[in-house]
Amino acid sequence: YFYVSGFVPEGKDPTAVDAKLIERYGIGISKWARARRKEQGIASLQYIRFDRQFVILATHGRHPFFEHEATAIRDFRRTPLRVAGYSVSCRGGHAHVRIDLPDYRRLKAHLVELARHRSVERLAAEFSRIPFEPYAPVRRQVFNILRAANRARKQAGYAPIPIEKAVRFKRRPVKVFGSVDDSLTLHQTGGTGA
């Protein structure tokens, strides 16, 4: 439930920062060592970095991390993690991934404005370029945008955009340990990364 997020400063080597944080908090341990620590009431930590943004995740328990990072620690249940245009939180014990509110508002304003002037085909193409994966909360946000766009189209006297042309239901596979550019290439080509 607990995390600290930050960015690797420009000019610093991200892999050096990775190594420093992993060493400082003893993150690079085996699953057996992690299990022994859990039995002793010691928190488990994980380190994740995407591009230049990193996150240190922590479970309940004792750990020097909680003292060193006391002012920066956030709780997913209260404060969502904002990363790459997403807002990641915890609701009802499960991960909840949405489009971050400022990005959602910009996207909605853009698509509703286009809805007043573009053909169904052009708008469907715009909706297909939405760069967010269709997790259930993201799909609900896209449905809300589609409803608003169709209201604008109705007022302008145009046909509505069909759901099947505007909303993507399947997530695209991403190469887990590839670079950001590899993932973008996979999205653009529809590849599987295999």
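Summary of values
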{"item": "Percentage relative contact order, the stretch 51-118, counting C-alpha pairs under 8 Å, at least six apart", "result": "16 percent"}
{"item": "Accessible area of Val55 in the full protein assembly, 1.4 Å probe (Å², nearest 10)", "result": "10 Å²"}
{"item": "Per-residue SASA entry for Ser5, accessible area with 1.4 Å probe, Å² rounded to 10", "result": "50 Å²"}
{"item": "Per residue, the convex hull volume that the Cα atoms of the chain enclose (Å³)", "result": "156 Å³"}
{"item": "Proximal lysines to Lys154, defined as alpha-carbon separation beneath 21 angstrom and excluding residues fewer than eight positions away on the same chain", "result": "Lys108, Lys165"}
{"item": "Under 24 Å from the Cα of Lys38 - lysines, other chains or at least 8 residues apart", "result": "Lys20"}
{"item": "Gain on full stretching of the segment that runs from Ala33 to Asp13 - 0.36 nm per residue minus C-alpha separation", "result": "4.3 nm"}
{"item": "Over the chain: helical MRE at 222 nm, DSSP H runs n ≥ 4 each giving -39500 (n - 2.57), nearest 500", "result": "-13000 deg cm²/dmol"}
{"item": "The stretch 6-45: C-alpha pair distances exceeding 13 Å, %", "result": "59 percent"}
{"item": "Compactness relative to 2.2 N^0.38 Å, alpha carbon Rg of the stretch 49-139", "result": "1.45"}
{"item": "Rel. contact order, % - alpha carbon contacts under 8 angstrom, at least six apart, the chain", "result": "15 percent"}
{"item": "At 0.890 mPa s and 25 °C, Stokes diffusion of the stretch 85-129 via Kirkwood alpha-carbon radius, µm² per second", "result": "202 µm²/s"}
{"item": "Whole-percent carbon and sulfur share, accessible surface of the chain, 1.4 Å", "result": "55 percent"}
{"item": "Alpha carbon centroid spacing (whole Å) that separates the stretch 1-60 from the stretch 102-148", "result": "36 Å"}
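The values are calculated or read from the model by the stated rules, or taken from the named source; none is laboratory data. Computed from a predicted model, the values in this text were never measured in an experiment. All accessible areas refer to the heavy atoms of the entire protein, side chains included, with ligands and DNA or RNA removed. Shrake-Rupley method; radii C 1.70, N 1.55, O 1.52, S 1.80 Å.
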